[in-house]
Amino acid sequence: MSLPTPTLTTSRLHLRPFVEKDAEDIYALQSNAKVLRYWDSEPWSDRAAATRFLERCQRMEAEGLGARVAIDRLSDGAFLGWCAINDWDPDFRSASLGYCFREEAWGQGYATEAARAMLDWAYGALDLNRMQAEADTRNIASGRVLEKLGFTLEGTLREDCIVGGVVSDSWVYGLLRREWESATASSGGVSGRKTPGAVASP
């Protein structure tokens, strides 16, 4: 079963399906050692990795595994990064959240804004009950983003990653549907609908 990748607009961002011309931007992002320093894999060193990334995006859509969107800034069209809903399980009504942003985009609330739009879409379109996210325990900024979105820190996966010989732990966060709906309602939105600033395009 296919799952069409959404196109969403927030107050500052345009979230859209990846296209072939994004290859250079995605390679620049995923080959940046500073951006990838808390990642679960090493920075890319092969430009063909960008092509494989775009192919995986298409496969996610075709096989209904989730959705990964490119994120552009509305003011100038600059590519900022990506956000994804992965591992969708319609039986368990669960999925996981992931994102990656250019260094120049850090500290401006873009990750929170983009992820909030994707969560809003996912809880509605996929009828989710639970969303999960993981973050390296050294990545304090990512933990803050998840907490702003309403995720609860549920535990720590000890020494679950070894990248470049470095062993690290990961935090596990969870967000339940009732918690998301409560947070949405308290911020002025309506449960099951788009919150202000997250508008789906046809």
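Every number here is computed from the coordinates shown, using simple stated rules; none is lab data. Computed from a predicted model, the values in this text were never measured in an experiment. In this analysis, Cβ positions are derived from the backbone assuming ideal geometry, glycine residues included, and neighbour counts consider all displayed protein chains.
Evaluated on the range 46-112, the Kirkwood hydrodynamic radius is 13.4 Å, with distances taken between all distinct Cα atoms. Ellipsoid fit via the Cα gyration tensor, the range 1-66: semi-axes of 22, 16, 12 Å, each the root of five times an eigenvalue, largest first.
Based on DSSP, what percent of beta bridges with both residues in the range 8-189 are antiparallel, to the nearest 5? Percent antiparallel among DSSP bridges in the range 8-189 is about 90. Dividing the convex hull volume of the alpha carbon atoms of the range 102-145 by its residue count gives 82 Å³ per residue.
When L153, L175 are sorted by how many other C-beta atoms sit within 10 angstrom of their C-beta, beginning with the fewest, the order is L153, L175.
Taking every full run of DSSP H in the chain, the ones that stretch at least 20 Å from end to end by Cα along their long axis and average -1.0 or higher on the Kyte-Doolittle scale are 48-63, 110-125. Comparing F79, F53, F151 in a Gaussian network model of the chain where C-alpha atoms under 10 Å apart are linked, the largest mean-square fluctuation is found at F53.
Once every Cα of the range 85-187 carries one equal point scatterer and solvent is ignored, give the base-10 log of I(q)/I(0) from the Debye formula at q = 0.11 Å⁻¹, two decimals. For the range 85-187, the Cα-only Debye profile gives -0.35. Largest mean-square fluctuation among W121, W88, W44, in a Gaussian network model of the chain whose springs join Cα atoms under 10 Å apart, belongs to W44.
Label separation (D91 vs V166): 3.8 nm, computed from points 7 Å beyond Cα along the C-beta direction.
Considering the range 8-189, its Cα convex hull presents a mean projected area of 10.5 nm².
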